[in-house]
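J.: Sharing a structure below in structure tokens format, with a few things to ask.
Read-outs throughout are calculated quantities, based only on the coordinates presented, and are distinct from any laboratory measurement. Bear in mind the structure is a predicted one, so any value in this text is a computation, not a measurement. So basically every Cβ, Gly included, is an ideal-geometry build from the backbone, and we count neighbours across all protein chains shown.
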Amino acid sequence: MSFIELNNIVKVFKDPQRGTDMLAIDHIDLSVEKKELVCLLGPSGCGKSTLLNMIAGFEKPTSGEVKVDGKLITGPGADRGMVFQQPNLMPWLPVWDNVAFALKLKGLSKKDRQAAAQPFIEAVKLNGFENHLPGELSGGMAQRVGIARALLQNPAVVLMDEPFAALDAQTKLDMQEELVTIWQRYSSTIVFVTHSVDEALILGTQVVVMTHRPGKIRETIAIDLDRPRDITSTGFNDIKRHVLDLIRQESNLAKQDA
Ligand code: ADP
Ligand code: MG
């Protein structure tokens, strides 16, 4: 049995305006082993967020089941941490208090929360910014707070939904590098959603290429390239060419369907 298992997942959304059914996910099976960094790659609207939200327990599959560590997922839990595209920080709380927000809800003292937050603030390289407010941070720094907040709960799985999509190119590269360091340091299991081929190939131990809507798995590709990934290497570009080809085929199929 794998650490994360998606078995025969189907998701149908009701279109509230038309009252019709919309098939978003069409029979997906996916297995993720412990300590993997799996990237779900696919065009906008193919169901990546829906799939991630089902692992998080925010959405329920219409049929099929999601299991993490052998347990059926029926709702959100502290074993699964989520990092969104927008970090959704509490604007009135300083960095350290945002990072330790889960502990505030548990009623821990300020001293204990600060002590608990510190190693994670250091892990995302925000030392010196502990007392800054979210409004005083750059986009990349705010996203680091979101990552530290997710890590603090020591989740078995970290779910990331296009967390770097809104960042500028250089910050994005820095954050990708740091994420790999954090993943290795904490031995995390990460499911990372992206629509960027480069990002998927820079990060992933595996890249799951999805089809256009309704989302199915087109192909799963193991990425056995050395880290840090050299995006100019022949190996990287051979895989990239193959993935781009799959995406081009999918995009043509989508146009035929439309
Ligand atoms: P992606 O993250 O790959 O861009 P999503 O998972 O957000 O795709 O969405 C997949 C499809 O399901 C889209 O057509 C989207 O409009 C639809 N969808 C997503 N969430 C809902 C919802 N809560 N209600 C109705 N339709 C939804
Ligand atoms: Mg999405």
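J.: Within the stretch 166-206, list the residues whose amide N lies under 16 Å from a label point set 7 Å along Cα→Cβ of Ser138.
T.: 166-179
J.: How large is the helix-only mean residue ellipticity at 222 nm for the chain, computed as the sum of -39500 (n - 2.57) over DSSP H runs with n ≥ 4, divided by its residue count, in deg cm²/dmol to the nearest 500?
T.: Estimated from H runs of four or more residues: -11500 deg cm²/dmol.
J.: Please figure out what share of the DSSP beta bridges in the chain is antiparallel and state it in percent, rounded to the nearest 5.
T.: Given both bridge residues lie in the chain, the antiparallel proportion sits at roughly 50 percent.
J.: Amide H neighbours of Glu219 under 5 Å, at least 5 residues apart or on other chains, H built in the peptide plane: list them.
T.: HN-HN under 5 Å from Glu219: Val209.
J.: Please give the per residue volume of the convex hull enclosing the alpha carbon atoms of the chain, rounded to a whole number of Å³.
T.: It is 143 Å³ per residue.
J.: Between Ala165 and Leu108, what FRET efficiency follows from the Cβ-Cβ distance if R0 is 35 Å, with the result rounded to 0.05?
T.: 0.60
J.: Next question. Rounded to two decimal places and with Rh computed the Kirkwood way over Cα pairs, what is Rg over Rh for the stretch 28-152?
T.: The Rg/Rh ratio comes out at 1.02.
J.: Suppose the chain between Lys240 and Val10 were pulled fully straight at 0.36 nm per residue; how much longer would it get relative to their current alpha carbon spacing?
T.: Net length gain for the segment: 79.9 nm.
J.: Amide H to amide H, which residues 5 or more places from Met82 or on other chains are under 5 Å from it, using H placed in the peptide plane?
T.: Under 5 Å from the amide H of Met82 lie the amide H atoms of Leu159, each far enough along the sequence or on another chain.
J.: Next question, about the same structure. On a 0 to 90° scale, report how tilted helix 169-186 is relative to the longest principal axis of the chain, with both axes built from alpha carbons and the result rounded to the nearest 10.
T.: That works out to roughly 80 degrees.
J.: Hey, quick one: spin label on Phe84, modelled 7 Å out along Cα-Cβ, who in the stretch 20-57 has an amide N within reach, i.e. under 13 Å?
T.: 53
J.: Looking only at the stretch 150-258, where both bridge partners belong to it, what percent of the DSSP beta bridges are antiparallel (to the nearest 5)?
T.: Of those bridges, close to 50 percent are antiparallel.
J.: What is the distance in Å between the Cα centres of the stretch 191-255 and the stretch 54-84?
T.: So the two Cα centres are separated by 24 Å.
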